[in-house]
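The values are calculated or read from the model by the stated rules, or taken from the named source; none is laboratory data. Just so we're clear, the structure is a prediction, and the values are computed from it rather than from any experiment. Here the Cβ positions follow ideal geometry from the backbone for every residue, glycine too, while neighbour counts run over all protein chains shown.
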Amino acid sequence: MKIAGKKLPKGTFFLFLSFMMVSLCLLLIVSATRSERINNLSQNMLYTGHERSFYIDDAKENGLWEKVMPELAGQHKDFAIYLPMRTPEIVMRGVCVKGRVEVPPMIEGKYFDFDTSWSDTPCIVLGKDCQEGITERNGKKYYTYGGTDFEVLGVMGTKEESRLNRMALLDFKSAVRMVGVNTDYILDAKKESALVDIAQDMHEFSLRYHATDVKIYEGEVERISFMARFLSSDAIMDTMYVMILVSFSLSTILVTFIWLRFRRPLFFACQLCGYGERMKGMETAKRYYLAAGVGFAAGLFLMTLFSLALEEIQMKAMDIVQAFGMTVGLGTVILFFCYLIDSRKTKK
């Protein structure tokens, strides 16, 4: 087979096509997953989608959270407690986050962690449409709200129109000082099953410190059956992505075996020249990764054309990095096992 006047082995051409399709598939999966996550964040107003409301009523201790929160953080790894605040202009809430529950896309700066969300230093994360009131002092950015100067940790949001662009998150202690302890809250966690354990511990810790009436849930946490989860739209899309990737991976394995068979004369020539297994393997890997790299570049080129033609497909630099790493990793695994099996056949 000749391309641009140069002879190209059929095995190498098929390997190139295979990696082009695998790379394109991985780029689509990574970008689609990121876009889907951001869309869900915007639709759910930064909640995971299985959050639950609770409220504290007639608590005698103004410093109730000062006692409860450290114990709660010591027992659980991933959760977030939000305190909604009534503001007509933007969506504002206090937040205390432990671990990683839902992290919004950041345009600059950083998002809250436990140390910054549970801190005596007033901090805020703003949506990109809420930056008008930011001022700079001593190399730091501040935003004034309710007579308090909050240090701006970061700016979140998306280039497209999004609810996240008009949100502001305060550190939890500042929000409690403004609203008070006796109010409504939102409890969120990565898994619905974790909500029950966190809520139970929160209830026990609160009673321990003599809060007279702590209502954790408005209702029971809904138990979702395995079949309901399996047949959900998100699960179906994830399964479809995985099956497409598996199909392309299996075809790449087959093509790699064919490519190695075309390389057998080269292997015999290497043996006649006295090359050891290491030199032969390095030579094989060099040619293999060259075809894989060119295939990835071709897949990236096609993905760029798709993103220019279709507004629904958006590609970021991090998507390319992740897809490239996955392509190299997948190619390495395939080459290792195929080379190992084929070399044994050659020796026989």
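What do you reckon, is residue 158 among the polar types (S, T, N, Q) and more than 20 Å from the chain's Cα centre (by Cα)? No; evaluated as a whole, the condition is false for this residue.
Looking at 129, 149, 197, which one is part of a helix (DSSP H, G or I), modelled with pLDDT of 90 or more and of a type outside the set (A, V, I, L, M, F, W, C)?
129
Residue 103 passes every criterion in (1) under 15 Å from the mean Cα position of the chain (by Cα); (2) aliphatic (A, V, I, L, M); (3) within 16 Å of residue 167 (Cα to Cα); (4) surrounded by 17 or more Cβ atoms within 10 Å (Cβ to Cβ) apart from (4).
Please count how many residues of segment 18-67 are under 24 Å from the mean Cα position of the chain (by Cα), assigned to a loop (DSSP other than H, G, I, E, B) and surrounded by 15 or more Cβ atoms within 10 Å (Cβ to Cβ).
Residues of segment 18-67 that are under 24 Å from the mean Cα position of the chain (by Cα), as a first pass: 21-52.
From what is left, the residues that are assigned to a loop (DSSP other than H, G, I, E, B) are 44-51.
If we keep only those that are surrounded by 15 or more Cβ atoms within 10 Å (Cβ to Cβ) as well, we get 44-48, 50-51.
Count: 7.
Looking across segment 102-123 at every residue that is in contact with an Asp or Glu (Cβ under 7 Å, 6 or more places away or on another chain) and hydroxyl-bearing (Ser, Thr, Tyr), the one that is farthest from residue 187 (Cα to Cα) is identified as 121. Selection of first residues in segment 38-51 that are under 18 Å from residue 127 (Cα atoms) and of second residues that are among the polar types (S, T, N, Q), restricted to Cβ pairs under 8 Å at least 6 apart or on distinct chains, gives the following pairs, ordered by first then second residue: 38/158; 38/162; 42/158; 42/162.
Assigned to a helix (DSSP H, G or I) and in contact with a strand residue (DSSP E or B) (Cβ under 8 Å, 6 or more places away or on another chain) - does that describe any residue in segment 71-89? Yes, segment 71-89 has at least one match.
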